[in-house]
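Report on the following structure.
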Amino acid sequence: MYDLLIIGSGPAGLGAAIYGVRAGLNLAVIDRSPISGGQVLTTYEVDNYLGLPGISGSDMSERFREHADKLGVPFLMAEVESVEDCGEKKLVHTDEGDYEANAVILATGATHAMLGVEGEMKLAGMGVSYCATCDGAFFRGRTVAVIGGGDVAVEDAIFLAGLCKKVYLVHRREALRAAESLQRKLRSMANIEIVWNSEVTQIQGEDMVEAIVVYNNQTKESHSLDVMGVFIAVGVIPNTEMFKGFVNMDEKGYILADETCTTSVPGIFAAGDIRKKALRQIITAVADGANAVNSVQSYLI
Ligand SMILES: Cc1cc2nc3c(=O)[nH]c(=O)nc-3n(C[C@H](O)[C@H](O)[C@H](O)COP(=O)(O)OP(=O)(O)OC[C@H]3O[C@@H](n4cnc5c(N)ncnc54)[C@H](O)[C@@H]3O)c2cc1C
């Protein structure tokens with residue numbers, strides 16, 4: 001029986017673990033992966049985390065994990081299938097059996113949807129990005145493309161237009177899904193060109209992105225656009241499927257919890273990318289981990 005179980009060993013889970021163990025809680029971190037770091041592991045370079053400019057994602061993950069190991073945080077490897085609320089006791093059901101705790105922090109993060117086109121995997125981190133806030137600064141003064149037509153894609157295009165020489169917004173339909181206010185802002189920016197009814201079929205380049213091939217689904221013709229960066233904004237899926245019906249979520253599956261990380265179920269807290277919030281970054285995930293432990297301590301008292 002633990003005081004606290006933390007599900008996920010990404011930045012949010014590891015941040016929580018460090019605060020929890022230093023607060024004297026009997027805790028463990030459960031992750032389905034043997035390597036900690038979550039999405040940071042898939043990041044080529046992180047340049048916006050305080051004190052660690054330009055660090056590679058794998059080095060950062062290693063340093064986060066080393067910190068937790070140094071403080072003696074115990075890790076369990078298992079896939080969490082569900083969590084059950086039995087009043088003061090919470091049961092975490094996994095493919096390796098059940099674990100009991102007085103409180104649980106859910107920190108299972110999110111998965112960025114991929115386009116699934118040739119060149120995407122090969123050039124990920126070499127011009128292909130899933131996060132304009134994270135990587136936009138690497139493309140200052142360059143030409144880039146944003147793929148998508150929802151709020152995130154349009155926000156990314158507006159953000160990048162402030163840094164880049166030119167931004168193509170490639171959308172497979174003839175109308176954007178983004179909010180009208182965002183679309184107005186988009187139209188006011190002279191260096192954004194919308195490429196309508198178009199699907200990216202290939203990302204080209206040897207070591208770095210050089211161009212994308214775009215297929216127009218109306219004219220049935222393809223052409224290429226010279227770009228140095230491709231920002232893919234076709235959706236993010238929070239890893240919350242196993243908590244559906246257990247804690248309250250929004251329509252996209254993000255868990256409803258404010259800055260205290262408190263969910264609709266007493267003793268269950270949500271930290272990091274799974275929480276409904278404005279900015280999903282490493283620094284905000286780590287901060288959530290600390291806030292969640294603070295709330296756990298109040299709850300346990
Ligand atoms: C390509 C890319 C580049 C990025 N670049 C940056 C950047 O430069 N700067 C920045 O600040 N942010 C960046 N981000 C965003 C940042 O990585 C995330 O905001 C951050 O990792 C979220 O942390 P988290 O702990 O909430 O979730 P995650 O990092 O997603 O970690 C979740 C953990 O939970 C585990 N898990 C999931 N489901 C289960 C389950 N059922 N059972 C057990 N374990 C489970 C996973 O294995 C994983 O270890 C980037 C994201 C991506 C995808």
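Observations on the model:
- Among Asp3, Asp226, sorting on how many other beta-carbon atoms sit within 10 Å of each Cβ, with the fewest leading, yields Asp226, Asp3.
- Angle in degrees between helix 11-22 and the longest Cα principal axis of the chain, rounded to the nearest 10: 20
- Using C-alpha pairs below 8 Å separated by at least 6 residues, the relative contact order for the stretch 1-136 is 30 percent.
- Here the spin labels are modelled as points 7 Å beyond Cα on the Cα-Cβ line, and at Leu279 and Lys244 they lie 3.2 nm apart.
- By the compact-protein rule of thumb, 2.2 N^0.38 Å, the alpha-carbon radius of gyration of the stretch 22-100 corresponds to a ratio of 1.34.
- DSSP finds beta bridges in the stretch 127-274, and of those with both partners inside it, around 45 percent are antiparallel.
- The chain: equivalent-ellipsoid semi-axes (sqrt of 5 x gyration tensor eigenvalues, Cα, Å): 39, 20, 17
- Here Met60, Met1, Met242 are placed in order of increasing Cβ neighbour count within 10 Å, fewest first, which gives Met1, Met242, Met60.
- Spatially close lysines, pair count over the chain: Cα under 27 Å, gap of eight or more or interchain: 20
- Listed as lacking a disulfide-compatible partner in the chain: Cys86, Cys164, Cys261, by the criterion of no other cysteine Cβ under 4.7 Å.
- Helix 151-161 axis versus longest C-alpha principal axis of the chain: approximately 60°, rounded to the nearest ten.
- Here the label points at Asp207 and Met121, each 7 Å from Cα along the C-beta direction, are separated by 2.3 nm in the simple model.
- Panel values: the stretch 123-192, Kirkwood radius from alpha carbon pairs, Stokes-Einstein at 20 °C and 1.002 mPa s, translational diffusion coefficient 177 µm²/s.
- Simple point charges give the picture: +1 on the Cβ of Lys and Arg, -1 on the Cβ of Asp and Glu, and for the stretch 114-232 a dipole about the Cα centre of about 420 debye.
- Based on DSSP H segments of at least four residues, each scored -39500 (n - 2.57), the chain has a per-residue ellipticity at 222 nm of -7000 deg cm²/dmol.
- In plain terms, if you count all Cα to Cα distances in the stretch 114-232 and split them into 5 Å steps from zero, the share in each step is 2, 13, 25, 25, 21, 11, 3, 0 percent.
- The chain: angle of helix 57-70 to the longest principal axis, Cα-based, in degrees nearest 10: 10
Values in this text are rule-based calculations from the coordinates and carry no lab data. Keep in mind it's a predicted model, so treat the numbers as computed, not measured. With ideal geometry, Cβ positions are generated from the backbone for all residues, glycine too; neighbour counts draw on all protein chains shown.
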